[in-house]
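Note sheet for the following structure.
The values are calculated or read from the model by the stated rules, or taken from the named source; none is laboratory data. This structure is a prediction, so every number in the text was calculated from the model and none was measured. Cβ placement follows ideal geometry from the backbone for every residue including glycine, while neighbour counts extend to all protein chains displayed.
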Amino acid sequence: MTASVTLPRSLFLLAMLYGGLVCMAGILGTKILAVGPLAVEGGIVAFLLLVGIASAVAEVHGRQMANRLVLTGFVPLIVAALLIRLVIVLPPAPFWAAQQPAFAGLLGQSSRMMIAGLIAYGVSQMLNVAIFARMRAREGGRLLWLRAAVSSMASQVVDTAIFITISFWGVQPLAPLMVGQVTAKLILSAVLVPPFIYAVVAFARRLDR
């Protein structure tokens, strides 16, 4: 008779939220936001929450569990991408046919951009967890705000570099695309991620009491 495994309540809840945000990040990325004079894709809002949740899981449940969360995130990400492709190619109802080009234009991604997104997600999120956990071990669990900011900013730079390079290499000049994206993401990472991680860590520990 096998023993049942009890999943901590905080981990169950954060995993569900993480899976939903993974799907939302790509959809929200179809809108370009203005951050002062800079332009950044709307998916950054969800992606920063993903970074914060992964780091919070590493803080509360350990690096191995955070890595498993990131890898599991590929499942809803791929399923959502395939479902969007399927719905786009299915014939629209006659009274809705006029909306089809707008729907396909907003949600349809090229295969190149889809692959770029998958690679950028995996590499940047694993890097975020690795840096966060390494700094945690070195600092003895102190300086949560610093670990959150550094790991988030590093992962955002890598995510942007990978996605833009794979998506637009040979199509558009890469440097102009990267400068605005990286600058905006660094600012948002430094300002938003540390307090978010503090809140998630406190919530998770309270929930698991």
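Based on this model, can you work out whether ILE78 counts as assigned to a helix (DSSP H, G or I), at pLDDT below 90 and surrounded by fewer than 18 Cβ atoms within 10 Å (Cβ to Cβ)?
no
If the requirement is being assigned to a helix (DSSP H, G or I), closer than 28 Å to THR30 by Cβ and modelled with pLDDT of 95 or more, which of these qualifies: MET113, MET126? I'd like the intermediate steps shown before the answer.
Values: MET113 fails: modelled with pLDDT of 95 or more.
Every option except MET126 fails the conditions.
For region 137-145, does any single residue satisfy the condition of being among the aromatic types (Phe, Trp, Tyr), out of contact with any helix residue (DSSP H, G or I) (no Cβ under 6 Å at 6 or more places or on another chain) and surrounded by fewer than 21 Cβ atoms within 10 Å (Cβ to Cβ)? Explain how you work it out, then say what you get.
Looking only at region 137-145, we keep the residues that are among the aromatic types (Phe, Trp, Tyr), and these are 145.
Those left that are additionally out of contact with any helix residue (DSSP H, G or I) (no Cβ under 6 Å at 6 or more places or on another chain): none.
Looking through region 137-145, none of the residues is among the aromatic types (Phe, Trp, Tyr), out of contact with any helix residue (DSSP H, G or I) (no Cβ under 6 Å at 6 or more places or on another chain) and surrounded by fewer than 21 Cβ atoms within 10 Å (Cβ to Cβ).
Exactly one of (1) closer than 30 Å to TYR198 by Cα; (2) modelled with pLDDT of 90 or more; (3) surrounded by fewer than 17 Cβ atoms within 10 Å (Cβ to Cβ) is unmet by PRO94. Its number?
Among (1) closer than 30 Å to TYR198 by Cα; (2) modelled with pLDDT of 90 or more; (3) surrounded by fewer than 17 Cβ atoms within 10 Å (Cβ to Cβ), the lone unmet condition for PRO94 is (1).
Residues of region 136-153 being farther than 16 Å from VAL191 by Cβ, in a helix (DSSP H, G or I) and among the hydrophobic types (A, V, I, L, M, F, W, C), which ones?
ALA137
Conditions first: (1) under 16 Å from the mean Cα position of the chain (by Cα); (2) surrounded by fewer than 17 Cβ atoms within 10 Å (Cβ to Cβ). PHE203 passes all but one, so which condition is the exception?
Of (1) under 16 Å from the mean Cα position of the chain (by Cα); (2) surrounded by fewer than 17 Cβ atoms within 10 Å (Cβ to Cβ), only one is false for PHE203: (1).
Kindly evaluate THR160 against the criterion of being within 15 Å of VAL45 (Cα to Cα), modelled with pLDDT under 90 and of a type in the set (S, T, N, Q).
yes
Among the residues of region 1-47, which ones are touching a Lys or Arg at 6+ places or on another chain (Cβ under 8 Å) and within 17 Å of THR160 (Cβ to Cβ)?
Answer for region 1-47, where residues must be touching a Lys or Arg at 6+ places or on another chain (Cβ under 8 Å) and within 17 Å of THR160 (Cβ to Cβ): VAL40, GLU41, GLY42, ILE44.
Return the pair list, or none, for Cβ contacts closer than 6 Å from residues in region 12-41 that are within 20 Å of GLN181 (Cα to Cα) and in a strand (DSSP E or B) to residues that are among the hydroxyl-bearing types (Ser, Thr, Tyr) and modelled with pLDDT of 80 or more, at least 6 apart or on different chains.
Cβ pairs passing all conditions: LEU38/THR183.
Looking for something surrounded by 14 or more Cβ atoms within 10 Å (Cβ to Cβ), of a type in the set (A, V, I, L, M), touching a Ser or Thr at 6+ places or on another chain (Cβ under 9 Å) and within 20 Å of LEU177 (Cα to Cα) - is there at least one such residue anywhere in region 52-71?
No: region 52-71 contains no residue that is surrounded by 14 or more Cβ atoms within 10 Å (Cβ to Cβ), of a type in the set (A, V, I, L, M), touching a Ser or Thr at 6+ places or on another chain (Cβ under 9 Å) and within 20 Å of LEU177 (Cα to Cα).
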